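The values are calculated or read from the model by the stated rules, or taken from the named source; none is laboratory data. Keep in mind that this is a model prediction, so the values were computed, not measured. Every residue, glycine as well, gets a Cβ built from its backbone with ideal geometry; the counts of neighbours run over all protein chains shown.
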Amino acid sequence: MILVGIDVGGTFTDFIYLDHETGKTDIHKVSTTQDDPSIGVITGLLELVDKGKLKPKSINQIFHGTTTATNSVLEGKGACTGMITNEGFRDIIHIGRHQRPDHYSIMQEIPWQNRPLVQRQYRKTVKGRLTPPTGYELEPLDENEVLRIASELKESGVDSLAICFLFSYLNPKHERRAKELVGEIMPDAFITTSSEISPQFREFERFTTTALASFVGPKVAKYVKNLENSLSKNNITGDLRIMASNGGVVTPRMVLQNPALTMMSGLAAGVLGGAWVGEKCERSKVITFDIGGTSADIGIVINGKCSETDSRSTSIAGFPLLMPMLDIHTIGAGGGSIAYLDKGGAFKVGPQSAGAMPGPAAYGLGGKKPTVTDANLVLGRLEPNDFLGGEMSLDVNASRNVVGELANKLKIDLLEAAEGILTILNANMANAIRSRTVQRGIDPREFSLVAMGGAGPLQGAEVAQMLEVPEVIVPISPGITSALGLLIADLKYNVIRTQFQSSTKPNLYRFNSEFAEMEAEIHERLAEDGLSSNEVHFERAADLRYLGQGYELRVGLGNGKISEKSLLTLWQKFHEIHLVEYGKAFPESPIEVVNLRVNAIGQPKEMIFSPFKADGDLKNALVQTRDAVFRLDGSLQNFKTQIYRRNMLPINVEILGPAILLQKDSTTVVPPNATAKVHSTGNIIISLEPNS
Amino acid sequence: MSRIDPVTGAVIQGALESIALEMGHKLMRMSYSSIIRESEDFGAALTDANGLQMCECKMSTPLQSGPIPGYVKNVIKVLAERGDPVRPGDVIMHNDPYGGASHGPDVAFCVPVFLDKLLIGWSVTTAHHLDIGALSPGSCGIVDAVDTYAEGLQFKAIKVFDEGKRNDAVWHILRANIRATELVVGDMEAQIEAAKIGSRRLLELVKKYSLEKIVNAFHDLMDYSERMMRDAIRALPDGEYCATTKIDGYLDDSDPARRELPIKVTLKINGDSIIVDLSGTARQVDDKPINMPLAGTVDCSIWLTIRSILLDSVIYGSIPQNSGLTRPIEIMAPEGCLVNPIFPAPVIARFCPGNQLADTVMKAFAQIVPDKVSAGIGNLRVVALSGLREGNHWVHMEIMEGSYGGRSGLDGMDAVDTLYANTRNNPIEDIETHIPVRVDRYELREDAMAAGQWRGGIGAIREFTFLDDAGFSLEGEGHAFEPWGFDGGQSGHKAHLKLLHTDGTSTSLPSKVPYFRVKAGETLVSTGPSGGGYGNPELRKKAAIDRDIADGLISLKTAKKLFPNQF
């Protein structure tokens, strides 16, 4: 059984494979081919096959992370999209929640007004109205009008269509009928409905999500089809699985049906990879901390699981996105983040980044602004002649110059300025982690921080210290954790139904019949994907709030028949979660069940990697000893620092900080007063408390 | 001169902002009524011991966080006058519109923060409550209150917790005197909880860095914000710039002195400071609640408009909102006029006049920085729908959006909240699920666009059909006067309101409607205003005109009328 993970990033496409029989694994990297990323995917995959002497036919499964949908939205390049909606509501996606993105700005633009997903001329309305609480038909759908509109839209060149009616989450009848009718007129168009894409209340958000799916639909379809064709042309016949934002993988058929599923998938794989590394080190609570050039992604993983966000917190390019999505917090802070003094003279780091071009001044590619990478170099925390495994050398003088200019403006010492850049960056990151832990009743001191991405292991230890997190785990290949995450991702199907039931008068029959219907729907989808029900297990949950509140909290529910007793447990659990999340519960208040959810998740795979080989010793691993600067007890000091080559380190031998560990895809900093050890799994564990 | 090193300053600033965000996040998520959780009509901020604002929650609406320093200063003053010291464990409720509050329904809960025995700051949340016990249901559209007493309960620095002990009497009085009790009390509990969180976090921060460092960092931050504002003002030419607009007043009133009331703004720019002189504004209306509290409404309206123009966050990034930002601005408002009423002149319906004041300030700035303003905005309206169901009141408030005028290089924003308000509408699917009302229309007006090189934003039409016998009340502006066009741009379009009866007839209504009974099946139709045009319509690009025609926003016939040179 051979599994391959392929992750398309902005700059590189990463590959990893695992042979289950032998435990053999290897990684590979090629430049991402921007125009058609499937070209880079195939080229790299063939190189990987060649390198590992694999038979194309022997690859059983390919797990793929794609940014096609994401980029299409970010760049505003998508289909000529149309919408059919209710009479009287042509402008729901234009008016939005009538709120401006910025409080204090006259000259701002509003994404959904200045960059509409569907232009008003292609938004058409028809008679037909459903009403709550059951989706009762107040007025029938005007089918002739639907047909007339479809012909008109076809005539105007619309090739993708979103059908969005009010209350369709209660009753999809009108949307389904309209889709059938339009399909007759526009057989080649991408047509979807809001009840298929995201059947939950809040019309602006649901319609926008559906419009996003339609906007990217044709492009994603083309990409997936190209990829499937190229794979089969090259005799690679294994199953293709595509990463979704919910942290699971889905079949190409599902992506073609709902392209919005992949909108935020890039982030999800990284968290899975980090979670897996934590599990291998037998840590039950980890914070995954993935820092690239421009951003840092933070995930909280408890017992191997990262929770999904509530449905009101996700957006892409300013548009709300109602999609199941792992709860990942992204901030604009990374290795390329630029340090500057703003107009009022305040010292700031990021969110602007020097990116890969021109990059930090240290790259010598014309970067003139001081970045986080430059600060690390000035402090001696990067090895100028051993960056990217020696493929690139860094210009220390260039870094000193740009950081020095900033220091002059601040009227502080060069080293103080360099260290200040890191402190501000680290504090921003620590605040972001606090918002996901301390502010939700979670104590970060019980966690391990998994530092990933090119820059994660550089900052990880100091950020952990700010949060009193006791240890940092640095994976074997920190730069390729997303591809690793793909490899271990399970299938995941989500089904959701909006309820609005109250705890004062719960309708048990309705709970049970809805769950049964939802599970039947998943069985149907599994069958369409050619999978058997044995390949998944079901997880139920409900989104609850106190009657009157506007935000829900997700509470898990056991499988089997819902009884009075299981509801009592559900209410009790909600009070408890509310208390943890907000610091208070209102046990006297009635509770409203807003949504029911069923997830079907693939059975976890046993991943067998060959045992980690570590026959190195400390002496051979030592590259040199030189000065590096750290702050200790409030003052900046020069420390004699050991520089080691990571892949030559022995297992379980204590390395005293300060030390710097070099490897091709990252650099690990072990600060003074910390110790590091290579774990038997090959991951490095940095302890920030004195060993007893 | 900095009091603290720039790195620690930046770190403390981030920590303060993150505290205010957490307060707002939790308040919004815990609260019950849609006016807080959906409309986001709430505020959260920390102040120092004297009521100088340290930070505010970026999620909250400007008109809620802005007044917090005023609330705190008045609470301190009132308690001192009473000889009642502030003690640890106190939670103080305050809503006095003549004592810092923006108006009565905006109730603050103030938690003093103590480091051992030393008062070091205040953690405060404010929120607009559904009902505050006024003469008719809901807390908006009380346009017939004759004085402050008729506007509802007044809480002047009342300790709802006294050294940690709940003052039950206050809560009993409150429960007996307000409608939709459960929602309002639930929201107040959420406010108290969020304020306590802020207090706890501030204390943690002080313990981590020392009080001295926090105070120093905070004073540096105020200086920073002040410096930004002074630099921006210094770049403007000295001089006096004057603008006037008018509010509707009571259009159906027989007394002309209550109709068409002028608001006059004179900006006196001198070096790096501005005096905003409001002389020439209409006298107060003694027995109608459209007067504006000077502290809490007038000051915030002016401050927010000036920072949105001179330090536009899209151009300048986010500048800490604190008391430093307002130091260079002095406000002069003659006593006894609309913008500085004398107690007990009623003020509860000050929302729309306050936004008109903001618009007038912008109109004055248009003469100085034409590239940084919009033409006249379409003002807002607020409606309360209410009724009785099984003996309990239901109340639903909805803020009806306006629109912006055209801008240099940009058309106006369509159908949004304007200037000092930035709330959110309620999803139709939420409204219809929870109250006996059906929404029959929510879309842009057609053929109501102000021409200009950059066209004005377009207002929205909303229709609410009542499914039970019920009532509504409404406060609004913009029925009598068109939003101003700028630099050759056309004036905008007025707002309208009418009630469609079940027999097919209709009644046209003014912009202020006190509690009005409606029957099941009647429909309230609200037509929102369109903002003014910017620049000569002859200069508008033909492609932009064609797009608006294709989009159905204007007909070809109207387009030919508005842009004759292009056809």
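The set of residues in segment B:454-488 that are over 23 Å from B:Asp546 (Cβ atoms), facing chain A (nearest Cβ under 10 Å) and in a loop (DSSP other than H, G, I, E, B) contains only B:Leu467.
Put simply, of A:Thr371, A:Thr423 the only residue that is of a type in the set (Ser, Thr, Tyr), farther than 23 Å from A:Lys29 by Cα and within 14 Å of another protein chain (Cβ to nearest Cβ) is A:Thr423. Here B:Ala451 passes the criteria (1) facing chain A (nearest Cβ under 7 Å); (2) crowded, with 22+ Cβ neighbours inside 10 Å; (3) of a type outside the set (Lys, Arg) except the one numbered (1).
Within segment A:498-516, track down each residue that is surrounded by 13 or more Cβ atoms within 10 Å (Cβ to Cβ) and either of a type in the set (Val, Ile, Thr) or more than 14 Å from chain B (Cβ to nearest Cβ) (or both). Selection gives A:Thr498, A:Ser503, A:Pro506, A:Asn507, A:Leu508, A:Arg510, A:Phe511, A:Asn512, A:Glu514, A:Phe515.
The one condition from (1) surrounded by fewer than 18 Cβ atoms within 10 Å (Cβ to Cβ); (2) free of Cβ contacts under 8 Å to residues at least 12 places away in the same chain; (3) within 14 Å of another protein chain (Cβ to nearest Cβ) that A:Ala527 does not meet is (3). Select from segment A:446-470 the residues that are assigned to a helix (DSSP H, G or I) and within 14 Å of chain B (Cβ to nearest Cβ) and write down the one among them that is farthest from A:Leu382 (Cα to Cα). Once the filter is applied, the top-ranked residue is A:Leu467. Evaluated against (1) closer than 30 Å to A:Lys343 by Cα; (2) of a type in the set (Asp, Glu); (3) surrounded by 20 or more Cβ atoms within 10 Å (Cβ to Cβ), B:Glu151 falls short on exactly one condition, (1). Residues considered: B:Asp411, B:Asp417, B:Asp371. Of these, the only one that is closer than 30 Å to B:Asn565 by Cα, modelled with pLDDT of 95 or more and buried (at least 24 other Cβ atoms within 10 Å of the Cβ) is B:Asp411. Scanning segment B:406-434 for residues that are polar (S, T, N, Q) and either farther than 30 Å from A:Glu592 by Cβ or within 7 Å of chain A (Cβ to nearest Cβ) (or both) gives B:Ser408, B:Thr418, B:Asn422, B:Thr423, B:Asn425, B:Thr433.
Residues that are over 21 Å from B:Ala217 (Cα atoms) number at least 2 in the following strands (runs of 3 or more DSSP E) confined to segment B:1-117: B:42-48, B:91-94, B:106-115. Among residues of segment B:533-550 being out of contact with any Leu (no Cβ under 9 Å at 6 or more places or on another chain) and within 14 Å of another protein chain (Cβ to nearest Cβ), the one that is farthest from A:Ile93 (Cα to Cα) is B:Ala543. Residues in segment A:327-347 that are away from chain B (no Cβ under 11 Å), outside any strand (DSSP E or B) and surrounded by fewer than 24 Cβ atoms within 10 Å (Cβ to Cβ): A:Asp327, A:Gly332.
Of the residues making up segment B:1-35, just one is crowded, with 22+ Cβ neighbours inside 10 Å, more than 8 Å from chain A (Cβ to nearest Cβ) and at pLDDT below 90, namely B:Ile35.
For segment A:594-605, the condition of being in contact (Cβ under 8 Å) with a residue 12 or more places away in the chain and within 14 Å of chain B (Cβ to nearest Cβ) holds for at least one residue. Scanning segment B:279-298 for residues that are in a loop (DSSP other than H, G, I, E, B) and either polar (S, T, N, Q) or crowded, with 24+ Cβ neighbours inside 10 Å (or both) gives B:Ser279, B:Thr281, B:Gln284, B:Pro289, B:Ile290, B:Asn291, B:Met292, B:Pro293. Which residue is surrounded by the fewest Cβ atoms within 10 Å (Cβ to Cβ), if the candidates are limited to segment A:471-497 and must be of a type outside the set (A, V, I, L, M, F, W, C) and closer than 22 Å to A:Gln200 by Cβ? Step by step, filter segment A:471-497, then rank; the result is A:Arg497. The condition of being surrounded by fewer than 19 Cβ atoms within 10 Å (Cβ to Cβ), in contact (Cβ under 8 Å) with a residue 12 or more places away in the chain and not basic (Lys, Arg) holds for only one of B:Glu463, B:Glu477, B:Glu482, that being B:Glu463.
Out of segment A:531-553, which residues are touching a helix residue (DSSP H, G or I) at 6+ places or on another chain (Cβ under 8 Å), at pLDDT 90 or above and within 14 Å of another protein chain (Cβ to nearest Cβ)? Passing the criteria: A:Leu544, A:Tyr546, A:Leu553. Does A:Phe515 satisfy being in a helix (DSSP H, G or I), out of contact with any Leu (no Cβ under 6 Å at 6 or more places or on another chain) and either over 23 Å from B:Leu27 (Cβ atoms) or not hydroxyl-bearing (Ser, Thr, Tyr) (or both)? Here the answer is yes, as A:Phe515 does meet what is asked. Take segment A:74-123 and flag every residue that is of a type in the set (Phe, Trp, Tyr) and modelled with pLDDT of 95 or more. Selection gives A:Phe89, A:Trp112, A:Tyr122. With a requirement of 2 or more residues that are out of contact with any helix residue (DSSP H, G or I) (no Cβ under 9 Å at 6 or more places or on another chain), the strands (runs of 3 or more DSSP E) lying completely within segment B:299-400 that satisfy it span B:329-332, B:381-389.
Looking across segment B:188-211, the residues that are under 16 Å from A:Ala585 (Cβ atoms) and among the acidic types (Asp, Glu) come down to B:Glu189, B:Glu193.
Against the condition outside the structural domain of A:Val463 (by TED's automatic domain parsing), surrounded by fewer than 20 Cβ atoms within 10 Å (Cβ to Cβ) and outside any strand (DSSP E or B), how does A:Asn235 come out, does it pass? Against the criterion (outside the structural domain of A:Val463 (by TED's automatic domain parsing), surrounded by fewer than 20 Cβ atoms within 10 Å (Cβ to Cβ) and outside any strand (DSSP E or B)), A:Asn235 qualifies.
Looking at B:Ala176, B:Ala195 in this structure, which one is more than 10 Å from chain A (Cβ to nearest Cβ), over 25 Å from the mean Cα position of the chain (by Cα) and at pLDDT 95 or above? Selected residue: B:Ala176, the only one of B:Ala176, B:Ala195 that is more than 10 Å from chain A (Cβ to nearest Cβ), over 25 Å from the mean Cα position of the chain (by Cα) and at pLDDT 95 or above.
Listed by first and then second residue, the pairs linking a residue in segment A:99-111 that is more than 7 Å from chain B (Cβ to nearest Cβ) to a residue that is surrounded by fewer than 19 Cβ atoms within 10 Å (Cβ to Cβ) and at pLDDT below 95, with Cβ atoms under 7 Å apart and 6 or more places separating them unless they lie on different chains, are A:Pro101/A:Gly318; A:Pro111/A:Ala317; A:Pro111/A:Gly318.
Residues in segment A:1-40 that are surrounded by fewer than 21 Cβ atoms within 10 Å (Cβ to Cβ) and aromatic (Phe, Trp, Tyr): A:Phe12 alone.
Against the conditions (1) under 23 Å from B:Arg37 (Cα atoms); (2) in contact (Cβ under 8 Å) with a residue 40 or more places away in the chain; (3) within 13 Å of chain A (Cβ to nearest Cβ); (4) assigned to a strand (DSSP E or B), B:Tyr442 satisfies every one except (2).
Only residues that are assigned to a helix (DSSP H, G or I), within 14 Å of chain B (Cβ to nearest Cβ) and in contact with a helix residue (DSSP H, G or I) (Cβ under 8 Å, 6 or more places away or on another chain) were counted in segment A:381-413, giving 4.
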